[in-house]
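Okay, structure first, notes after.
The values are calculated or read from the model by the stated rules, or taken from the named source; none is laboratory data. Worth saying up front: this structure is predicted, and the values here are computed from it rather than measured. Please note: Cβ atoms are built from the backbone with ideal geometry, for glycine as well, and neighbour counts cover all protein chains shown.
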Amino acid sequence: MQYDRESFLQSRSKNARYNRPLESDADELDNLFNKKFKFRFSSEWRLPDAGAWFAEPPWTVKELSTLKSRLNFHKSQLNDFNIEEWSAHTRRRNPAGDVSWRIRSQINPEFLTQAWTKFYECAYTYNIIAEKAKSSRKMVSLHLCEAPGAFIASLNHYLKSHYPNIEWQWIASTLNPYYEGNSPSNMISDDRFMFHTLDHWEFGRDNTGNLMDWENSQSIIRRAKELGEVLLVTADGSIDCLQKPDAQEEVTSPLHYCEIVTALQALSEGGTLIFKLFTLFEHSTVSLMYLINHLFEEVNIYKPVTSRQGNSEVYAVCLKYRGSEHLQPYLPVLRSGYGSDLYCDKSLFSLQHIPQDFLKQIEECAYYFCSIQCQVINNNLQAYLTRNSIAFQVDVKKIKSWVATAFLAQYELRPLPCDQEIMRGALHQEDHKLNTNPRYHRGSYSERQSYTGMTLKEKCKNLGSFLHTDIFLKPEIFINEPVRWVEMLEGAADLPLAFTYGKPLQAVNSSKFIFVPIYKLYLQIVGEPEFRDTVVSHDSRTDTSTDLAYLQCDTEDWKVLSFPVLNLDEDYATYEKKCFATLLENLEQLTAGDSLFLRNFNTLTHFNISVLFILCKKCFEKLGFTSDNGIVLHNLVNKNACSVYLNKIKNECDSVRSDAKDVLSALPVQITNSEQFFNNIVFYNNTFYRNKCVKYLCAIEQRIN
């Protein structure tokens, strides 16, 4: 649907505040709301035989390489800009910057984010609901790389507003934020929506949610098809390219390939596919788009108005799938490139199999979106140099107002009753939930690149500067009193175990139980080869004794248990289960009334947190977190429950443990990741790992000097 130009001109003429030419105003909105390209399929195009797929080395097209160089030149002008300062500037310049707050104030939809508005634009602009769904009044949607879930909430709003009679079911997948082996750089840990809808999420055979694993992909497809005909698939995946801004397409292309191959297997005839991509310069994207054009009746490239103008993000909206039978002859060769080096080492199609008229369309499309992005980057640079101009500020303010007004009118947004929302209004009360991964970036691209060439002393100083940034100086996220008590003991009510299984953890790369910037700094320090000897030496000298006087209670019957520090060459799963066995052995030696002080007990994983929760809830009078890096289990009141619960966990671990499977948790995340228990675990870990960072850097500095 095009923007209603005449209605806009009429509305502008009624308001004398705006002194810009009316026609140019409408032209500007036309450009913002209609950044589109539609491929023109030719009946003469043919896919090569399966034997010719992945048979040739990568290739380039001169015209596309020239566009890539042009875009990277414009991007390189930003290398020396502080990322926080530049992001703030471009946010102020964003013509769609007022859309979200205007929608929130007038519509107040469920889980409104920028992704919510982008999907709604795609849905409304291209009428993405398949004819089969309209006639049968049933539809299943599959959402790949979906965290945090705004596409789903937006789709619900769109369906309830325009197709209220369709019976809709959905399944989603993403990198599992509850699996500690996943990297925070590639994963969105915001689980406000997922936490309440976990039954709808599928993380695959190994529980990682890694879509680039074939078996995980097949597990997701089976789960979706069990619900019925899949008539919509969305894929919004990306990979952090902060360190490689000039290679965004190459870095993300293997993931996009896996998304598309998964979607094509799951989708039913007549269905719709929407997936994110970036530039169209590389052989991999050209080949994928050629394949897509054979499998859908209509293929569009679209940049929503609420997508940041200065980035490369666009969406492919593919309508009327021709059916998976067209894919079957090629499925074995598609699998061979799935999540493998073959996809990077070879081209999906050789250049000679790509028709010239298709290449011309790719060049036309790439040129159009590249030109938009280059112009925006230049405009933002010019605006940055004149950012104190009052005229500039007024101009931006007017544009934002126009776009927000036009957005609500064009997409016919209207409020939904809470009972039609997925969460029945619950997400509107989630603002208070602790965000363990706040937005946090520092420095410029050039500064980040220069780190690898720094001397040992310069690296230590660079990392030490993090300790003086806002995130490390907030007293409210650390434990500052001697001990913070949590009293949770209840009566005889049962606490049912619910085991989660998955790939054994090789290392703890992320955690829901700590502020991510703090843990990232810790990982950077211990991961630096030049610091390794100092870190290992410091940990080996850690004092395992403890002064219990500050606990302000009778310590006559106290026991102290110090766990060994993880050997950096040891896989974490083995270490964790050894520590659990040690804990169980020591607990069995306690008698009623005894208390246990734990030193160096890892509280980053759901397995250990579920154990700690059981001890606190069923066995001890109260649980204490100290600012001195210790955990207190005070006054054993139910040794039998302690023995029963923990032995069940031990038996389960022993029975399932293998190279491919381990017990990852003994309780649902809805129990362990909520309320004051969860918050105090986070504050304890913030304190524990902040202190570790301080001590490591002090030891490194002493060694240097």
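Things to note:
- Taken over the range 259-280, the criterion of being among the charged types (D, E, K, R) and part of a loop (DSSP other than H, G, I, E, B) is satisfied by Glu269 alone.
- Apart from one condition, Tyr120 fits all of (1) part of a helix (DSSP H, G or I); (2) farther than 24 Å from Leu264 by Cβ; (3) over 25 Å from the mean Cα position of the chain (by Cα); the exception is (3).
- Test: residue in the range 313-330 that is more than 23 Å from Asp49 (Cα to Cα), in the same structural domain as Asp236 (by TED's automatic domain parsing) and more than 27 Å from the chain's Cα centre (by Cα): yes
- For the range 386-407, the set of residues classified as surrounded by fewer than 16 Cβ atoms within 10 Å (Cβ to Cβ) and either of a type in the set (Gly, Ala, Ser) or modelled with pLDDT of 90 or more (or both) consists of Ser389, Ala391, Ser401, listed by residue number.
- Being over 17 Å from Thr174 (Cα atoms) and either outside any loop (DSSP other than H, G, I, E, B) or at pLDDT 95 or above (or both) is not true of Gln243.
- Residues of the range 571-626 that turn out to be buried (at least 21 other Cβ atoms within 10 Å of the Cβ), among the polar types (S, T, N, Q) and farther than 26 Å from Leu523 by Cα, as a count: 1
- Within the range 523-541, the set of residues being surrounded by fewer than 20 Cβ atoms within 10 Å (Cβ to Cβ), over 20 Å from Gly453 (Cα atoms) and touching a residue at least 24 places away in the same chain (Cβ under 8 Å) comprises Val536, Ser537, His538, Asp539, Ser540.
- Only a single criterion out of (1) over 13 Å from the mean Cα position of the chain (by Cα); (2) at pLDDT 95 or above; (3) not aliphatic (A, V, I, L, M) is not satisfied by Thr174, namely (1).
- Members of the range 209-228 that are touching a strand residue (DSSP E or B) at 6+ places or on another chain (Cβ under 9 Å), buried (at least 19 other Cβ atoms within 10 Å of the Cβ) and not small (Gly, Ala, Ser): Leu211, Ile220, Ile221
- Meets criteria (in contact with a Gly (Cβ under 7 Å, 6 or more places away or on another chain) and either surrounded by fewer than 16 Cβ atoms within 10 Å (Cβ to Cβ) or assigned by TED's automatic domain parsing to the domain that holds Lys134 (or both)) for Tyr290: no
- For the range 74-123, the set of residues classified as closer than 21 Å to Thr386 by Cβ and among the aromatic types (Phe, Trp, Tyr) consists of Phe81, Trp86, listed by residue number.
- Contacts under 8 angstrom Cβ, first residue in the range 107-120 being assigned by TED's automatic domain parsing to the domain that holds Gly97 and hydrophobic (A, V, I, L, M, F, W, C), partner surrounded by 23 or more Cβ atoms within 10 Å (Cβ to Cβ) and in a loop (DSSP other than H, G, I, E, B), 6 or more apart: Phe111/Gly149; Phe111/Phe193; Trp116/Pro109
- From the options Ser238, Ser253, residue that is within 23 Å of Ile372 (Cα to Cα), of a type in the set (S, T, N, Q), within 23 Å of the chain's Cα centre (by Cα) and not in a helix (DSSP H, G or I): Ser238
- Residues that are over 32 Å from the mean Cα position of the chain (by Cα), of a type in the set (A, V, I, L, M, F, W, C) and over 13 Å from Cys344 (Cα atoms) within the range 54-69 comprise just one, Val61.
- Meets criteria (within 30 Å of the chain's Cα centre (by Cα) and assigned by TED's automatic domain parsing to the domain that holds Arg599) for Leu636: no
- Evaluation of Ala96 against (1) buried (at least 16 other Cβ atoms within 10 Å of the Cβ); (2) out of contact with any Pro (no Cβ under 9 Å at 6 or more places or on another chain) (one fails), failing number: (2)
- In the range 617-657, the residues that are without any contact (Cβ under 8 Å) to a residue 24 or more places away in the chain and closer than 16 Å to Gly502 by Cα: Asp654, Ser655
- Under the condition of being on the phi > 0 side of the Ramachandran plot and in contact with a Leu (Cβ under 9 Å, 6 or more places away or on another chain), the residues counted in the range 313-345 number 2.
- Only one of the numbered conditions (1) touching a Lys or Arg at 6+ places or on another chain (Cβ under 8 Å); (2) among the hydroxyl-bearing types (Ser, Thr, Tyr); (3) at pLDDT below 95 is violated by Ser253, and that is (1).
- For the range 62-80, the tally of residues that are surrounded by fewer than 19 Cβ atoms within 10 Å (Cβ to Cβ) and either over 20 Å from Ser307 (Cα atoms) or not assigned by TED's automatic domain parsing to the domain that holds Val286 (or both) stands at 11.
- Single condition Asn600 does not satisfy, out of (1) at positive phi; (2) among the polar types (S, T, N, Q); (3) over 36 Å from the mean Cα position of the chain (by Cα): (3)
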